[in-house]
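Just so you know, all these numbers are worked out from the coordinates, no wet-lab data involved. Treat the numbers as computed from the prediction; the structure is a model and nothing was measured. Don't worry about glycine lacking a Cβ; one is built from the backbone with ideal geometry, like all the others, and counts go over all protein chains shown.
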Amino acid sequence: MRAWRENLDIMTDSLKVALLGGGTVGSQVARLMTANAADLAARAGASLELVGVAVRDTSRSRDGIDDALLTDDPAALVARSDVDIVVEVMGGLKPTESLLLTAMAHGASVVSANKALIASRGPELHAAAEANGVDLYYEAAVAGAIPLLRPLRESLVGDRVRRVLGIVNGTTNYILTKMDEDGARYEDVLAEAQRLGYAEADPTADVEGHDAAAKAAILAGLAFHSSVSYDQVSCEGISRITPEDMAAAKASGFVVKLLAVAELADDEAGIVVRVHPAMVPRSHPLASVRDAYNAVFVEAAAAGQVMFYGRGAGGEPTASAVLGDLVAVARNRLAGRPGPGRSDYAGLPVLPLGMATTRYAVSLVVHDRPGALAAVAQVFADGGVSLQSVRQEGGLEEGAPDASLQVRTHVAAEADLQAVVQRLRTLEQVKEVAGVIRVEGGPDS
Ligand code: NAP
Ligand code: HSE
């Protein structure tokens with residue numbers, strides 16, 4: 001009997017693959033397609049032949065990519081009638097969306113790592129895939145190497161997801177880790193994250209939370225079988241987090257993480273999707289997710305809590321997820337039918353941030369005189385926000401008549417908490433509301 005590798009030599013099926021993008025991710029996809037060609041062919045059931053790689057600058061050679069494959073004409077590449085699968089790792093919305101629509105109109109299936117595009121144009125792209133009877137897969141778009149979308153789409157499809165919570169941006173987690181452990185400033189660490197290939201072409205998307213918001217939209221759509229777009233996600237980044245915020249969190253036994261949260265409202269009539277920095281207790285598993293690693297908890301009615309963990313950014317980890325999709329799409333193509341498409345039958349509305357419920361830490365500077373603490377506590381009580389703890393520092397010293405108050409709340413509605421903060425800003429005893437940060441991962445949230 002011939003060995004399986006020899007059998008591949010006589011394998012007649014071949015699928016042609018066009019790659020859009022030959023940068024951090026694309027160069028690794030091309031390299032691994034060549035290095036693992038025999039295994040990928042055996043697993044897919046056909047050899048996967050790279051027929052072109054679109055880049056902007058064809059004069060620059062790229063490790064792992066044959067120069068002869070480079071083209072600066074992606075439109076011509078996707079319009080080729082012999083291309084079976086287009087792998088899109090070039091990023092951006094334009095001209096990427098029209099390139100993918102052209103590819104599908106020509107009968108090619110699409111694998112993409114482009115969360116910004118999927119989160120903003122997902123319904124249109126899915127409709128095109130369905131209309132043309134092709135696949136649109138994008139496992140690499142969320143949490144790099146971690147298998148997360150397929151488990152949500154397939155393994156957990158028999159359950160009722162209630163909440164998805166996690167760290168989904170490698171760049172900001174890398175920055176926050178260095179700020180927490182080394183006291184670094186985020187601007188200084190950002191350059192390092194860019195050098196390591198974690199950051200987006202415009203790193204503002206990472207530090208301002210937009211990348212995580214796009215991923216949160218994709219996760220929420222899959223988890224709750226509803227249509228969720230990027231602009232429905234409430235989003236706050238890490239650019240205003242200072243080393244002092246990190247130190248204060250550390251002193252209280254917390255670490256600051258950029259979290260993405262998608263959850264069912266209490267009455268299950270809608271979902272709230274949010275991205276923001278949050279204090280997480282150091283004892284919580286998310287606190288030990290360091291550097292560019294990502295971790296996502298999915299809470300489902302029957303399964304309970306399921307955790308996904310792994311490398312969330314970087315060329316090679318992301319290429320792993322792209323290649324997984326490439327093999328899956330190739331198998332579907334050989335079987336003559338596309339895989340499962342979009343599921344948004346539940347049609348749950350995305351609710352305003354004010355309906356989110358969590359715990360909060362509020363930092364205040366108060367005039368340290370009798371009754372100040374009582375007045376502050378009364379504002380929380382009047383607003384229906386229950387206090388968990390209050391810690392005071394400073395004050396009652398000559399030349400330092402102000403005290404800082406660290407107030408932590410029990411679970412409250414965001415709208416109630418924001419109303420309390422507005423009222424505190426006008427309170428005579430309060431000199432400044434120095435910071436408000438959400439607290440996640442505690443016993444009651
Ligand atoms: P990148 O290093 O900037 O690579 C982008 C590639 O696309 C480059 O080769 C670029 O050509 C090419 N390109 C861009 N616009 C083009 C155009 N109009 N025509 C032809 N070629 C064009 O980006 P990346 O980090 O690999 O990310 C690519 C995608 O993967 C993005 O959607 C990103 O969000 C996603 N992603 C990235 C990671 C990660 O860790 N890096 C992880 C998950 C998902 P030149 O090389 O000539 O400039
Ligand atoms: N810029 C993204 C991140 C890449 O840092 O997580 C992975 O999607």
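With axes computed from alpha carbons, what is the tilt in degrees of helix 315-335 against the longest principal axis of the chain, rounded to the nearest 10 within 0 to 90? The two axes meet at around 50 degrees. Taking the chain as a Gaussian network of alpha-carbon nodes connected by springs under 10 Å, the highest mean-square fluctuation of the residues Arg408, Arg369, Arg359 belongs to Arg369. For segment 312-327 versus segment 182-206, the inter-centroid distance based on Cα atoms is 21 Å. Over the chain, what is the relative contact order in whole percent, taking alpha-carbon pairs under 8 Å and six or more residues apart? Relative CO of the chain lands at 16 percent.
Between 0 and 90 degrees, the angle of helix 186-195 with respect to the longest Cα principal axis of the chain falls at about 10 degrees. What lysines could a cross-link reach from Lys178, if we take a straight Cα to Cα line under 26 Å and drop same-chain neighbours fewer than 8 places away? Qualifying lysines at Cα under 26 Å: Lys115, Lys215, Lys250, Lys257. Projecting the Cα positions of Asn173, Ser98, Gly347 onto the charge dipole of the chain (unit charges on Cβ atoms of Lys, Arg, Asp and Glu, taken about the Cα centre) puts Gly347 furthest along the positive direction.
Shape index of segment 203-356: Rg/Rh, with Rg the Cα radius of gyration and Rh the Kirkwood radius from the inverse mean 1/r over Cα pairs, equals 1.00.
Using only Cα atoms, figure out Rg for segment 356-439 and give it as a multiple of 2.2 N^0.38 Å. Write out the running numbers ahead of the final one.
Details: Rg = 12.2 Å, N = 84, 2.2 N^0.38 = 11.8 Å.
Ratio of Cα Rg to 2.2 N^0.38 Å: 1.03.
List the relative contact order of segment 149-311 as a percent without decimals, with contacts defined as Cα pairs under 8 Å and 6+ residues apart. Normalised by residue count, the contact order of segment 149-311 is 33 percent.
Compared with the dominant principal axis of the Cα atoms in the chain, helix 115-132 is inclined by about 40°. Could you check which residue among Asp402, Asp416, Asp82 shows the biggest mean-square fluctuation in a GNM of the chain with a 10 Å Cα cutoff? Taking springs between Cα atoms under 10 Å, the residue moving most is Asp402.
Each listed q (0.19, 0.27, 0.29 Å⁻¹) maps to a log10 I(q)/I(0) for segment 288-356, found by the Debye formula over equal Cα scatterers with no solvent: -1.11, -1.06, -1.10.
Set the Cα radius of gyration of segment 92-185 against 2.2 N^0.38 Å, with N its number of residues, and you get 1.36. Panel values: segment 165-267, Kirkwood radius from alpha carbon pairs, Stokes-Einstein at 20 °C and 1.002 mPa s, translational diffusion coefficient 149 µm²/s. Counting only the Cα atoms, the chain fills a convex hull of 155 Å³ per residue. Proximity of backbone amide H atoms, modeled 1.01 Å from N, is registered between Glu200 and Asp206 at under 5 Å, excluding neighbours fewer than 5 places apart on the same chain. For segment 342-395, the fraction of alpha-carbon pairs lying more than 13 Å apart is 73 percent, rounded to a whole number. Less than 5 angstrom separates the built amide H of Leu427 from none of the residues sequence-distant by 5 or more or on a different chain. Ala128 sits among other residues whose Cβ lies under 12 Å from its own Cβ, and their net charge, with Lys and Arg +1 and Asp and Glu -1, is -2. Charges on Cβ only, +1 for Lys and Arg, -1 for Asp and Glu, centred on the Cα centroid of segment 224-330; of Ala278, Val329, Gln305, which one is farthest towards the dipole's positive end? So the residue we want is Ala278.
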